[in-house]
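Enquirer: Provided herewith is a single structure, encoded as structure tokens, for subsequent inquiry.
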Amino acid sequence: MRTLLTAVTILFCTAAAHAAPSHAPMPDPTIAAMLAKVSPERIKATNSKLIAFGTRSTFSEQMTGGRGAAAAREWIAAQFREIAKASGGRMTVALDSYIQKVDGKRIVRDVEISSVIATIQGDEPGSRTYVMSSHYDSRNSDNADTTHDAPGADDNGSGTAAVIEAASVMAALKPHATILFATYDSEEQGLFGSAHHANALKDAHVDVQGDLNNDIVGASVGDQGEHNPGYIRLFSQALATGADPKTVNSVGNENDSPSRELARYAKETGDRYQRDFHAEMIDRTDRFLRGGDHTSFNTAGFPAVRFTEPVENFAHQHQTPRTENGIEYGDFQKYMDFEYLARVTRYNVSVLASLAMGPGCPANAAVLTKELDNKTQLTWEAVPGAARYEVVRRKTTDALWGEALDVGNVTAVTVPYSKDNWLFGIRAVDAHGQRGVPAFPMPVK
């Protein structure tokens with residue numbers, strides 16, 4: 001009987017798959033209203049306060065007199081608690097703290113690592129979770145130096161200011177999914193704060209469906225003086241952690257990891273809300289010789305991406321403030337562009353809110369490969385809150401999804417395109433037209 005029902009469902013959905021392509025959704029008025037509240041002036045004030053702590057080095061946690069990481073951490077937590085007053089009790093604030101032992105590498109002594117996490121609870125039972133992250137620690141030329149200043153205006157006062165501002169404009173939101181606003185400690189020592197938190201989420205079986213990490217996102221002028229106010233780089237890993245290369249070569253999903261699907265969703269969504277600002281997808285986990293907190297989420301098995309400004313100026317990163325040979329070194333606020341950082345913040349808010357207000361990613365998506373034929377049979381699990389589903393497809397050589405077919409409120413469909421020639425994804429759509437992140441179907445015989 002089950003086989004018969006499945007066959008009937010597939011045959012029924014074949015006709016639905018011939019429907020006209022689905023059009024891109026219009027911007028949601030609730031999300032657009034949040035974007036309008038993002039304030040460059042408030043972001044600058046936050047950045048100024050972070051710089052005023054002198055250094056936010058992980059090893060400055062024992063400093064007093066308003067200097068160092070502990071003072072910065074307390075101030076960030078206080079900002080989140082103030083913001084939470086507008087949430088109707090949905091937002092809570094907590095520290096994720098532990099003692100990291102000396103490791104003979106970048107951890108030169110036992111040190112307390114403490115990240116600040118603000119949470120807006122979603123209304124879905126067993127709520128899926130999305131994260132917007134940054135790191136608040138800073139460094140200068142010597143990673144263990146707490147004597148000299150490490151202003152960290154761009155790296156990463158910019159990302160931290162963006163996360164705090166996003167929490168401010170989103171505090172009153174009543175999302176379906178849970179949202180975490182994370183400001184991590186000890187990124188510069190080896191991603192310790194984010195790794196501790198990501199592993200805790202994994203151990204607690206939290207359904208993290210995406211992390212949007214913001215690191216060095218506040219400057220629009222590159223090291224040759226070029227001005228790039230209209231875009232942000234978007235990095236994502238190609239292969240999911242633990243992926244089998246033999247299977248990847250057979251299936252052709254080397255460009256379809258959960259993180260890569262999240263990146264496509266972020267670009268499609270963010271570009272729609274700011275017509276004069278877009279993301280440029282970089283098909284790499286991160287820059288050469290550098291790393292970021294999204295990697296901790298990737299390692300834990302969660303989808304994660306990184307936003308970074310178009311062209312970095314390395315004289316203004318990881319540098320003890322000084323002038324040599326007529327060149328000023330140091331991560332100072334005067335090199336920041338707060339109108340640009342506001343655009344980056346709006347981009348994050350549009351993506352994060354769309355994720356949290358829309359449906360999740362379908363689980364156990366599969367393409368049936370029992371027979372040699374020139375069509376494609378797809379199945380997936382129902383998504384809570386979904387009113388219907390779309391099958392998206394693209395050529396194997398294309399970077400982004402193209403045509404989307406509305407197939408109705410079903411969990412199995414046959415589409416008249418060869419599984420050998422196309423790549424497919426299945427995404428959920430709710431009653432308000434909000435789309436979720438597409439799931440890439442894996443072959444099942």
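The values are calculated or read from the model by the stated rules, or taken from the named source; none is laboratory data. Quick caveat: nothing in here was measured; it's all calculated off a predicted structure. Here the Cβ is made from the backbone with ideal geometry for all residues, glycine too, and neighbour counts use every protein chain on show.
Enquirer: Would the stretch 83-92 turn up any residue that is within 20 Å of residue 217 (Cβ to Cβ), touching a residue at least 24 places away in the same chain (Cβ under 8 Å) and surrounded by fewer than 14 Cβ atoms within 10 Å (Cβ to Cβ)?
Expert: No, the stretch 83-92 has no match at all.
Enquirer: Something else about it: Could you list, in sequence order, the residues of the stretch 201-211 that are part of a strand (DSSP E or B), surrounded by fewer than 24 Cβ atoms within 10 Å (Cβ to Cβ) and not hydrophobic (A, V, I, L, M, F, W, C)?
Expert: Initial filter on the stretch 201-211 (part of a strand (DSSP E or B)): 208-211.
Right, trim to surrounded by fewer than 24 Cβ atoms within 10 Å (Cβ to Cβ) and you get 208-209.
Residue satisfying the conditions is 209 alone.
Enquirer: Tell me which of these residue 78 doesn't satisfy, since it passes every other one: (1) loosely packed, with under 14 Cβ neighbours inside 10 Å; (2) small (Gly, Ala, Ser); (3) modelled with pLDDT under 95.
Expert: The single condition residue 78 does not satisfy is (3).
Enquirer: May I ask you to list pairs of residues, at least six apart or on different chains, whose Cβ atoms are under 8 Å apart, with the first in the stretch 382-393 being more than 21 Å from residue 175 (Cα to Cα) and the second being part of a loop (DSSP other than H, G, I, E, B) and of a type outside the set (D, E, K, R)?
Expert: Short answer, once both residue conditions are applied: 390/22; 391/17; 392/401; 392/402; 392/438; 393/401; 393/402; 393/417.
Enquirer: Can you tell me which residue is farthest from residue 156 (Cα to Cα) among those in the stretch 72-89 that are in contact with a helix residue (DSSP H, G or I) (Cβ under 9 Å, 6 or more places away or on another chain) and of a type in the set (A, V, I, L, M)?
Expert: The residue in question is 86.
Enquirer: Restricting to the stretch 403-433, count the residues that are buried (at least 23 other Cβ atoms within 10 Å of the Cβ) and either at pLDDT below 95 or small (Gly, Ala, Ser) (or both).
Expert: Result for the stretch 403-433: 2.
Enquirer: Condition test on residue 124, is it touching a Phe, Trp or Tyr at 6+ places or on another chain (Cβ under 9 Å), of a type outside the set (Gly, Ala, Ser), more than 17 Å from residue 155 (Cβ to Cβ) and surrounded by 14 or more Cβ atoms within 10 Å (Cβ to Cβ)?
Expert: Spelling it out, it is not the case that residue 124 is touching a Phe, Trp or Tyr at 6+ places or on another chain (Cβ under 9 Å), of a type outside the set (Gly, Ala, Ser), more than 17 Å from residue 155 (Cβ to Cβ) and surrounded by 14 or more Cβ atoms within 10 Å (Cβ to Cβ).
Enquirer: Cβ-Cβ under 6 Å, sequence separation 6+ or interchain: first residue in the stretch 108-130 and over 16 Å from residue 383 (Cα atoms), partner part of a loop (DSSP other than H, G, I, E, B) and among the charged types (D, E, K, R). Which pairs?
Expert: 110/101; 112/61; 113/185; 114/185; 115/185; 120/90; 121/90
Enquirer: I would also like to ask the following. Hey, among 290, 275, which residue is part of a loop (DSSP other than H, G, I, E, B), more than 12 Å from the chain's Cα centre (by Cα) and under 19 Å from residue 154 (Cα atoms)?
Expert: Checking each option against the conditions leaves just 290.
Enquirer: Residue 108 versus (1) over 30 Å from residue 350 (Cα atoms); (2) of a type outside the set (S, T, N, Q); (3) in contact with a strand residue (DSSP E or B) (Cβ under 8 Å, 6 or more places away or on another chain): which is the lone unmet condition?
Expert: Condition not satisfied by residue 108: (3).
Enquirer: For the stretch 383-403, enumerate the residues that are aliphatic (A, V, I, L, M) and over 24 Å from the mean Cα position of the chain (by Cα). Talk me through it step by step, then tell me what you get.
Expert: As a first pass, look at the stretch 383-403 and keep what is aliphatic (A, V, I, L, M): 383, 386-387, 391-392, 399-400.
Across the stretch 383-403, the qualifying residue is only 387.
Enquirer: Follow-up. Can you tell me which residue is surrounded by the fewest Cβ atoms within 10 Å (Cβ to Cβ) among those in the stretch 333-376 that are within 24 Å of residue 251 (Cα to Cα) and β-branched (Val, Ile, Thr)?
Expert: Ranking the candidates gives 369 first.
Enquirer: Moving to a separate point now. For the stretch 243-267, give me the residue count where each residue is assigned to a helix (DSSP H, G or I) and surrounded by 17 or more Cβ atoms within 10 Å (Cβ to Cβ). Can you show your working first?
Expert: The first filter runs over the stretch 243-267 and keeps only residues assigned to a helix (DSSP H, G or I), leaving 245-251, 258-267.
Okay, now just the ones that are also surrounded by 17 or more Cβ atoms within 10 Å (Cβ to Cβ), so 248, 251, 258-267.
Of the residues in the stretch 243-267, 12 are assigned to a helix (DSSP H, G or I) and surrounded by 17 or more Cβ atoms within 10 Å (Cβ to Cβ).
Enquirer: Of the conditions (1) surrounded by fewer than 20 Cβ atoms within 10 Å (Cβ to Cβ); (2) polar (S, T, N, Q); (3) within 19 Å of residue 183 (Cβ to Cβ), residue 214 fails just one. Which one is it?
Expert: The single condition residue 214 does not satisfy is (1).
Enquirer: Just to be sure before I move on: is residue 233 touching a residue at least 24 places away in the same chain (Cβ under 8 Å) and part of a helix (DSSP H, G or I) in the structure I sent?
Expert: Numbers: touching a residue at least 24 places away in the same chain (Cβ under 8 Å): yes; part of a helix (DSSP H, G or I): no.
The answer is no for residue 233.
Enquirer: A follow-up question, please. Residue 270 is checked against (1) out of contact with any Asp or Glu (no Cβ under 9 Å at 6 or more places or on another chain); (2) crowded, with 17+ Cβ neighbours inside 10 Å; (3) of a type outside the set (Asp, Glu); (4) not in a helix (DSSP H, G or I) and fails just one. What number does that condition carry?
Expert: (4)
Enquirer: If a residue counts only when it is over 17 Å from the mean Cα position of the chain (by Cα) and either in the same structural domain as residue 317 (by TED's automatic domain parsing) or among the polar types (S, T, N, Q) (or both), which strands (runs of 3 or more DSSP E) contained entirely in the stretch 91-200 have at least 3 such residues?
Expert: Working: elements: 91-100, 111-120, 129-135, 178-184.
The strands (runs of 3 or more DSSP E) meeting that bar are 91-100, 111-120.
Enquirer: Same structure again: Residues in the stretch 311-338 that are farther than 23 Å from residue 137 by Cα and not β-branched (Val, Ile, Thr): how many?
Expert: Restricting attention to the stretch 311-338, the residues satisfying the condition of being farther than 23 Å from residue 137 by Cα are 323-327.
With the extra rule that they be not β-branched (Val, Ile, Thr), the set shrinks to 324-326.
Counting residues in the stretch 311-338 that are farther than 23 Å from residue 137 by Cα and not β-branched (Val, Ile, Thr) gives 3.
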